[in-house]
1. So how strong a dipole does segment 23-122 carry about its Cα centre when Lys and Arg Cβ are +1 and Asp and Glu Cβ are -1, to the nearest 20 debye?
2. Where in segment 68-93 does the amide nitrogen come within less than 13 Å of the point 7 Å from the Cα of A59, taken along Cα to Cβ?
3. Order by neighbour count: L178, L137, L115, fewest other Cβ atoms within 10 Å first, most last.
4. Which angle from 0 to 90°, rounded to the nearest 10, does the C-alpha axis of helix 74-86 make with the longest principal axis of the chain?
5. With r defined as the distance between the Cβ atoms of A202 and A142 and R0 fixed at 35 Å, what FRET efficiency is calculated, to the nearest 0.05?
6. Name the aspartates and glutamates eligible as straight-distance cross-link partners of K240: C-alpha to C-alpha under 16 Å, and not fewer than 8 places from it in the same chain.
7. Give, rounded to the nearest 20 debye, the magnitude of the charge dipole that the chain has about its Cα centre when Lys and Arg contribute +1 at Cβ and Asp and Glu contribute -1 at Cβ.
8. Of all alpha-carbon pairs in the chain, indicate the percentage at a distance above 21 angstrom.
Amino acid sequence: MKKFIFLFAFCITVTNLFAQTDPIQIKKEGNDAFNAKNYSVAYAKFSEYLKQTNNQDSATAYYCGMAANEIKKYPEAVTYFDIAIEKKFNIGNAYARKAAALDALKKTDEYVATLEEGLKVDPNNKVMIKNYSLHFLKAGLAAQKAGKAEEAEENFKKVIPLNHKSYKTNALYSLGVLCYNDGANILKKAAPLANSDADKYAAEKEKADARFKEAVDYLEEAAKVSPENENVKKMLPQVKAAMK
């Protein structure tokens, strides 16, 4: 009798062991946990399933990355989104979510590079357009406030190719203001030369006018993109008047 009970108990143990390590069951439990927003369990189940199946399931890798982001396992999220990207599953959103994980890790260079790579694959992805645009608009404004005009200009120009009316307009307007201010500063510094050295003043005036012309070009482009924008409407005649 004792032997029979032992064998019966052993059989139950073995049966449970196989049930716990069955990949299909583990994936199902992961799906159930994910749908219930129990992301820690979902991550544990998905990652175990992917380990057993050699990371071949690109969809599960993507959702495992999402679960990892939710529980702040950002390095792991990057790893699983890379699997989804490699296998081209929901690739635009995989890039966007990978970038979010890198941003959380404060890996700015990798964050920007990931957005740039992602936008080549999915140029109309709204999340990536927003994050990429805001990154460079903020960087441009910070550089401008710090007196780093060239760096600011470079940052603003990154936004122009993107397909987004508001961000594109902001970048073009910011470039117009930047070029106008540069031209105005050149004229201000050259003012003492107007009476003492006409030739040098004329040369500096030419430089200033070139910057004003750049400002007009940017502002006119901004006006085409957003003809209703009041800031552009006010700024454009001011720049044109400076060129006279």
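1. With Lys and Arg at +1 and Asp and Glu at -1, about 240 debye.
2. Within reach of a label on A59, which here means backbone N under 13 Å from a point 7 Å along Cα→Cβ, segment 68-93 contributes 89-90.
3. L137, L178, L115
4. On a 0 to 90 degree scale, this one is about 90.
5. Efficiency at R0 = 35 Å is approximately 0.50.
6. Answer for K240, where 16 Å is the Cα cut-off: D182, E206, D209, E214, D217, E220, E221, listed by chain and number.
7. 620 debye
8. The proportion of pairs with Cα distances above 21 Å equals 69 percent.
Values quoted throughout were computed directly from the atomic coordinates according to the rules given, and no laboratory measurement underlies them. Only a predicted model underlies this, so the values are computations on that prediction, with no experimental measurement involved. Reconstructed Cβ throughout: ideal geometry from the backbone, glycine too, with neighbour counts over all protein chains shown.
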